[in-house]
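Down below is the structure, laid out as structure tokens.
Readers should treat all values here as calculations from the given coordinates under stated rules, not as data from a laboratory. This structure is a prediction, so every number in the text was calculated from the model and none was measured. Backbone-built Cβ (ideal geometry, glycine too); neighbour counts: all protein chains shown.
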Amino acid sequence: MADDILETFFQYLLQTKREPANAIIDEWAKERSYREAVFKILEPALVRFGEKWSTEEDVSLAQGYIAAKIAEDIMTKAAMERPMDVEPESKGPVVIGNIEDDYHALGRKLVVIFLRSAGWKVYDLGNDVIAGDLIDKAVQVGAKVVGASAMMYTTAVNVKKLRKEIDSRGLSGRVKLAVGGAVFNLRPELVGEVGGDGTARNALAVPELMERLYDEASKG
Amino acid sequence: MNETEHKVVFIACSIFKSELEEIKKKSALNISVRYVPSMLHMSPEGLNLRLKSLLQEELARSKKVVLLFGDCHPYMHEQESLPGVCRVEGMNCPEILLGHTRYSSMRMEGSFFLMAEWSKRWREVFKEGLGLKGKTAKDFMKDMHDKLVYLDTGLLPVPMRELEEMSDYSGLPYEIMSVSLEPLLAEIRRCMERILKDDIHTSD
């Protein structure tokens, strides 16, 4: 039964059918809970979707966007089930933004959704964020990982300023730098060139990257 | 064609065809242009290879090259850094037309830019290329942007029907903004001066 629901839900993800995907979860959660739906349906379906996204080129922008929105819908419903006085368990704070001069928000927005779904407390500073502001926020909230998104080479080189800011404030090793965006997928060597500590091929792979970088930063 | 014009070739995105032809006419620039189809932007690797091949061809003929493109594929930086090559300033076509300050402030306001050639092809780009249809398209566009802004250089009729359809499809209002060709002309002049100056130094 759960396998049938999982398969149907996964097909809805692929077909960008947000309403039917929500409806099937709503129905399932009536006798169980949305939190159980997250673990038993959403997460396994997203893992399959992520594998497809990483290995096949025919996952469209629309599919990625709707998968994120469906995940956000279900996580919101799961959060509503929690008693008001109970704080959600958090994996830790992370700060992210599109680097200076970059306005391509889609990737960042998907990353925010998938990170929050995975239990991270995300501080999203938006588009065109200068290096100093990202690091100020990281210091303020105690984030061990800062994520910078850039779509093009022209803006990717601005990530170097972020690396410099981390190093000049003596935070090297204690604050890790995650980078992402189309240009890093097409030119992986850029990750090291701009001073990044790691990248992920798509938004669904970012929570795993964050866990690795967070562990590395914790070890100093 | 004078000696300077003889030395220079433009490799330009077809999205700028009307603007570049107008500038050539008004500035009496008799320069050869090789236009590359704008739809190649949907395939960065295809664009990279096409430009690589055109640059090799023109540089082998001892030509100086002005690239009229944004940062449209991941290896553009290497191509524009070749001796005898200059790319106009701007990371994409709206920024090339508007200049950095105006472009940035309009992006911060949530503008999504449209130009003549892509306005006619919006269905091909959004529906077929990106797979955005129906409610998904509206949700997506409204999540990312606040308005459509058509950049009108005054050289082609404003495609009103396409703007209306695009507005209906995206759920976003549209504006038509008149744009001067002066920033583009200034960038073309800067590039030509630079590559020809490099040429004088090389000859020395």
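Quick notes
- Of the residues B:GLU162, B:GLU95, B:GLU128, the one that moves most in a GNM of chain B with alpha-carbon contacts below 10 Å is B:GLU128.
- Evaluated at q = 0.09, 0.10, 0.16, 0.18 Å⁻¹: base-10 log I(q)/I(0), Debye formula over Cα of the stretch B:14-155: -0.33, -0.40, -1.00, -1.22
- Inter-label distance, B:SER53 to B:LEU155: 2.6 nm, where each label sits 7 Å from its Cα along the C-beta direction.
- In Hz, Karplus ³J(HN,Hα) per residue of the stretch A:105-117 (6.51, -1.76, 1.60; θ = phi - 60°; x = Gly, Pro): 7, 4, x, 4, 4, 5, 4, 4, 4, 5, 5, 5, 4
- All-pairs Cα distance distribution in the protein assembly as shown, expressed in whole percent, bin size 10 Å: 4, 19, 27, 25, 16, 7, 2, 1, 0
- Mean separation of Cα contacts under 8 Å (6+ apart) over length of the stretch B:60-197, as relative contact order %: 28 percent
- Of all the options B:PHE113, B:PHE140, B:PHE16, the one that moves most in a Gaussian network model of chain B with Cα springs shorter than 10 angstrom is B:PHE140.
- If both residues of a DSSP beta bridge must be in the stretch B:104-204, then about 0% of such bridges are antiparallel.
- Counting every pair of alpha carbons in the stretch B:95-178, the share spaced more than 21 Å apart comes to 27 percent.
- Cross-link pairs exceeding 30 Å in C-alpha to C-alpha distance, out of A:LYS69/B:LYS52; B:LYS26/B:LYS147; B:LYS24/B:LYS197; B:LYS25/B:LYS120; A:LYS160/B:LYS133; A:LYS161/B:LYS138, comprise A:LYS69/B:LYS52; B:LYS26/B:LYS147; A:LYS160/B:LYS133; A:LYS161/B:LYS138.
- Scanning residues 5 or more positions from B:VAL8 or on other chains, those with amide H under 5 Å from its amide H are B:LYS64, with H placed 1.01 Å from N in the peptide plane.
- For chain A, the longest principal axis of the alpha carbon atoms and the long axis of helix A:206-219 meet at an angle near 50°.
- Cysteines in chain B that, by Cβ-Cβ distance, have no pairing candidate under 4.7 Å: B:CYS13, B:CYS72, B:CYS93
- Chain A: angle of helix A:131-141 to the longest principal axis, Cα-based, in degrees nearest 10: 60 degrees
- In a reduced charge model with +1 at each Lys and Arg Cβ and -1 at each Asp and Glu Cβ, the stretch B:95-178 shows a dipole moment near 160 debye about its Cα centre.
- Taking Cα atoms only, the orientation of helix A:159-168 departs from the longest principal axis of chain A by about 70 degrees.
- R0 of 35 Å, Cβ-Cβ distance B:GLU5-B:GLU45: FRET efficiency to nearest 0.05: 0.60
- Residues whose amide H comes within less than 5 Å of that of B:LEU68, counting only those at least five positions distant or on another chain, are B:ILE11, B:ALA12, B:CYS13 (H built at 1.01 Å from N in the peptide plane).
- Loop-located trypsin sites (Lys or Arg not before Pro) in the stretch B:20-126 (DSSP state not H, G, I, E or B) with no more than 13 neighbouring Cβ atoms inside 10 Å: B:ARG61.
- Per-residue HN-Hα couplings for the stretch B:137-150 [Karplus 6.51, -1.76, 1.60; θ = phi - 60°; Hz; x = Gly/Pro]: 4, 5, 4, 4, 5, 6, 6, 9, 9, 10, 7, 9, 10, 8
- The ratio of the alpha-carbon radius of gyration of chain A to the globular-protein estimate 2.2 N^0.38 Å is 1.05.
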